[in-house]
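Here the structure comes first, spelled out in structure tokens, and everything after it is commentary.
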Amino acid sequence: MLELKTVQTHHVPVRYIEGGAGPELVFLHGAGGVTPEDPLLNTLARDHRVIAPLVPGYGDSEEAPAIRDMLDFTLHTWDVLDALGVRDPILVGHSMGGMIAAEMAAVQPHDVSRLALIAPAGLWDDDHPIADLFATLPYEMPALLFHDAAAGAALLTAGRNVEDPGFLQQYLVTNARQLGMAGRILFPIPERGLKDRLYRIRARTVIVWGDSDRLIPPVYAHAFKKGIAGAELVSIPEAGHMVVLEQTEAVAAAIARLG
């Protein structure tokens, strides 16, 4: 069973999800956040001690004005692992979390030996621009994030009407808080020079991408593979950017290649 806990860091108390037993695996979530009910976390917890820190400002966690740029996010996440006494876990990141995980592995290459990047942000190609999450309305999200938009809408809304004013109000308030934090590294484009640091990554790396990703096109998968020496690419059919929800077992199997 996964539980929400709290650990104190230099900047703020950090909420994190923890559960399972086995080798330590740290999961860094995307811009949409993560909860203890997340299917991938629960699947990974069958064989790992899973630790998933929330970015400050997500869920019921405190915001952290002192975390302002990519280096701050990177060092803050290392601070979280230090506070938890975690050393050389399997480091997994999805989307925004993949961007942070890649930066962590580049900044401290001797402290990350196994790395899984699931459709990470962090690179930019003018010929293949990444969709602007900050200008996307709720009803547009399922088609952008999922291979199966109808099934994706059901997952995102739990049956609620995305055009209902009450839903929209709650959505906008939550997004203002969460994306306000995420925007520090994702807005106006999710690129902070990572391409010039990928060569520093020494971890055994698996890159996981849904073939139908409309948010961050699969062309970026090949850019990451080229930039990280020895990286392995696992392409997953019938999955979009939320491959972690659409093809949970396939993603877990790809991560399992790291041991």
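The values are calculated or read from the model by the stated rules, or taken from the named source; none is laboratory data. None of these values were measured; they are calculated from a predicted model. As a convention, Cβ positions derive from the backbone with ideal geometry for all residues, glycine included, and neighbour counts pool all protein chains shown.
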(request) Filter segment 34-72 for residues that are among the acidic types (D, E), in contact with a Lys or Arg (Cβ under 8 Å, 6 or more places away or on another chain) and modelled with pLDDT under 95 and give the result. (result) D60, E63
(request) Select from segment 242-254 the residues that are in contact with a strand residue (DSSP E or B) (Cβ under 6 Å, 6 or more places away or on another chain) and surrounded by fewer than 24 Cβ atoms within 10 Å (Cβ to Cβ) and write down the one among them that is nearest to L91 (Cα to Cα). (result) A254
(message) Looking at D196, D211, can you tell me which residue is under 23 Å from M70 (Cα atoms), surrounded by fewer than 18 Cβ atoms within 10 Å (Cβ to Cβ) and charged (D, E, K, R)?
(response) D196
(request) May I ask you to verify whether V173 is modelled with pLDDT of 95 or more, surrounded by fewer than 17 Cβ atoms within 10 Å (Cβ to Cβ) and over 23 Å from T74 (Cα atoms)? (result) no
(message) Condition (residue is of a type in the set (S, T, N, Q) and out of contact with any Phe, Trp or Tyr (no Cβ under 6 Å at 6 or more places or on another chain)) applied to segment 201-213: is it met by at least one residue?
(response) yes
(message) With more than 30 Å from L198 (Cα to Cα) and either at pLDDT below 90 or touching a helix residue (DSSP H, G or I) at 6+ places or on another chain (Cβ under 6 Å) (or both) as the only criterion, which of A121, A158 stands out?
(response) A158
(request) Report whether or not T74 is free of Cβ contacts under 8 Å to residues at least 40 places away in the same chain, over 21 Å from L155 (Cα atoms), buried (at least 21 other Cβ atoms within 10 Å of the Cβ) and not aliphatic (A, V, I, L, M). (result) yes
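List the strands (runs of 3 or more DSSP E) that sit entirely inside segment 1-108 and contain at least 3 residues that are over 14 Å from the mean Cα position of the chain (by Cα).
It comes to 3-8, 13-19.
For (1) surrounded by fewer than 17 Cβ atoms within 10 Å (Cβ to Cβ); (2) part of a helix (DSSP H, G or I); (3) touching a strand residue (DSSP E or B) at 6+ places or on another chain (Cβ under 8 Å), each residue gets a yes or a no:
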position: R177; (1), (2), (3): yes, yes, no
position: G183; (1), (2), (3): yes, yes, no
position: R202; (1), (2), (3): no, no, no
position: H222; (1), (2), (3): yes, yes, yes
position: G240; (1), (2), (3): no, no, yes
(request) Evaluate the following for H94: is it loosely packed, with under 15 Cβ neighbours inside 10 Å and either touching a Lys or Arg at 6+ places or on another chain (Cβ under 6 Å) or in contact (Cβ under 8 Å) with a residue 12 or more places away in the chain (or both)? (result) no
(message) Please determine whether any residue of segment 238-259 is free of Cβ contacts under 8 Å to residues at least 40 places away in the same chain, within 12 Å of A116 (Cβ to Cβ) and either touching a Gly at 6+ places or on another chain (Cβ under 9 Å) or among the small types (G, A, S) (or both).
(response) yes
(request) Among what's in segment 224-233 and is surrounded by fewer than 17 Cβ atoms within 10 Å (Cβ to Cβ) and small (G, A, S), pick the residue that is farthest from A66 (Cα to Cα). (result) G230
